[in-house]
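Every number here is computed from the coordinates shown, using simple stated rules; none is lab data. Note that the structure is predicted; figures quoted are calculated from it, not measured. Cβ sites come from the backbone with ideal geometry, for glycine too, and all protein chains shown count toward neighbours.
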């Protein structure tokens, strides 16, 4: 791979902040937006194609900003992601949000879009635009996009905004059964919408409806909740730090230190209902420490000590199934936990399971998903390293390339060079090494002694690449 190819991919992935809200625009968003302008593409009307894509970008951003501002007003720290199917606004950290406040957040997106459509409609009605001109077409396009996108999102089908409002309403009426009823209703309505769309010769709308229906079908296998957006239960700051230190110890291979620290807290924690959440969290941490140390039987025993009303997390339960040799059942549970549990840990556990099962391609597919894109740069490093040391060099290269495009961290480019060297792709490896050094990788000792780079050091271009190092950033 040469530098131009990598830089071209980077150019398509945009990261910026809008009114204090982080925004990520994925390459698939541009592709789908351009495909929606296919009549203009076929006619070679490039100014109209560019205008259409810009209007779609602004309209979807305004819609998602409506959600983001509502979330921020409720104390959350949202971020926006634009992808093939439109936009997503992630809740971020903050207090628990439940009931009709969630419905307000869902309705804020279409409301923002309709608010933008109002001045556009006025311009379309009273603006002095010459029929057929670029300005006239742009106004018509902007009005169409904002009205259609807002109306589409109000359909009572999950995961559309109207579906979330329906879920809140059903939860307020039927309690814990509300989310499941909303999913069944979404599937039925999605099928009806798809049939109507096909009858009216609107295949794009039929595809969106079927996609939403499949989303609800998959969600039926997920654990039920109370329909709220959870927040972490209050905990003493000193205990919080101790638990975080225990997890650091687990990640550092000091599992017994983590167990000792958690046991010490357990000894002084009352065995009553008020302390049950803390005890459950400590036992969960101890169980993970035993698992990481290869002591599956001890981990299962700790999990059985959970207080009444508490069970191991979905992720831990899935990992215990794998430890018990129930591979198919464990992998299915792990896939569900990966979709439903935030943070890096689910991805790391699932990727490790794929590597252990000699299915490295599934680890790559997992990272390429929308959920995989939310993993941190360190998680990408860990997964690429696991693939590399298992000698799955092709898949390690794919992960490093993906991580570089997402984070632009020099270490990812360096790891890509190592994978290329192991694969015997000298020219490609030197290209990646040049990217790494230009991005600030300047560990001279590692460059000269890393055995993985030995095939590259034998190439005449080696000195040219390594002597062009820039100062670290």
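Cα-based Rg of segment 285-381 per 2.2 N^0.38 Å, rounded to two decimals? Can you show the working numbers first?
Values: Rg = 13.4 Å, N = 97, 2.2 N^0.38 = 12.5 Å.
Its radius of gyration relative to the 2.2 N^0.38 Å reference: 1.07.
Along Cα→Cβ, 7 Å out, is where each label goes; now give me the distance between the ones at residue 191 and residue 377 in nm to one decimal.
In this crude label model, residue 191 to residue 377 measures out at 4.8 nm.
Any idea what diffusion coefficient segment 367-406 gets from Stokes-Einstein, in µm²/s, Kirkwood Rh on alpha carbon pairs, 20 °C, 1.002 mPa s?
On the way: Rh = 9.9 Å.
Estimated via Stokes-Einstein, D reaches 217 µm²/s.
In nm, what is the difference between 0.36 nm times the number of residues separating residue 464 and residue 100 and their Cα-Cα distance?
Values: separation 364, 0.36 × 364 = 131.04 nm, distance 6.23 nm.
Result: 124.8 nm gained on full extension.
For a quick check: sort 461, 309 by the number of other beta carbons within 10 angstrom, fewest at the front. Before the final figure, lay out each step's value.
Working: 461 15, 309 9.
Ordered by Cβ neighbours within 10 Å, fewest first: 309, 461.
In square nanometres and to one decimal, what's the mean projected area of the convex hull around the Cα atoms of segment 325-473? Don't skip to the answer; put the middle values down first.
Values: hull surface 35.7 nm².
For segment 325-473, averaging the hull's shadow over all directions gives 8.9 nm².
Sorted by mean Cβ packing within 10 Å, highest first, what order do the peptides 330-342, 238-250, 413-425 take? Display every interim value, and only then the final one.
Numbers: 330-342: 18.4, 238-250: 15.5, 413-425: 23.5.
Ranked from most to least packed, the peptides come out as 413-425, 330-342, 238-250.
Ranked from highest to lowest mean number of other Cβ atoms within 10 Å per residue, what is the order of the peptides 355-366, 137-148? Intermediate values should be presented prior to the final figure.
Values: 355-366: 17.2, 137-148: 19.3.
Highest-to-lowest ranking by the protection proxy: 137-148, 355-366.
Got the relative contact order for the chain handy, in percent, Cα pairs under 8 Å and 6 or more residues apart? Please list the in-between numbers first.
Working: 651 pairs, mean separation 39.8, N = 473.
Once divided by the residue count of the chain, the mean separation gives 8 percent.
Once the Cα gyration tensor of segment 54-156 is found, what semi-axes does its equivalent ellipsoid get, as square roots of 5 times the eigenvalues, in whole Å, sorted largest first? Working shown, then result.
Values: eigenvalues 183, 33, 23 Å².
The three semi-axes for segment 54-156 are 30, 13, 11 Å.
Over its Cα atoms, what ratio of radius of gyration to 2.2 N^0.38 Å does segment 232-312 give? Let's see the in-between values first.
Values: Rg = 11.9 Å, N = 81, 2.2 N^0.38 = 11.7 Å.
That works out to 1.02 for segment 232-312.
From the alpha carbon gyration tensor of the chain, can you work out the equivalent ellipsoid semi-axes (sqrt of 5 times each eigenvalue) and give them in Å, largest to smallest? All intermediate terms of the calculation are to be shown ahead of the outcome.
On the way: eigenvalues 330, 248, 79 Å².
Semi-axis lengths for the chain are 41, 35, 20 Å.
How much FRET efficiency would the formula 1/(1 + (r/R0)^6) give for residue 50 and residue 122, where r is the Cβ-Cβ distance and R0 is 25 Å, rounded to 0.05? Before the final figure, lay out the partial values.
Numbers: r = 24 Å, r/R0 = 0.98.
E between residue 50 and residue 122, to the nearest 0.05, is 0.55.
In angstroms, what radius of gyration and Dmax does segment 14-219 have, counting Cα atoms only?
18.0, 57
I'm checking a number: the convex hull volume of the Cα atoms of segment 413-473, normalised per residue, in Å³. What is it?
Working: hull volume 3.8 nm³, N = 61.
Cα convex hull per residue, to the nearest whole number: 63 Å³.
Which percent, to the nearest 5, of DSSP beta bridges fully inside segment 14-219 are antiparallel? Can you show the working numbers first?
Details: 10 of 13 bridges.
Here the antiparallel bridges make up roughly 75 percent for segment 14-219.
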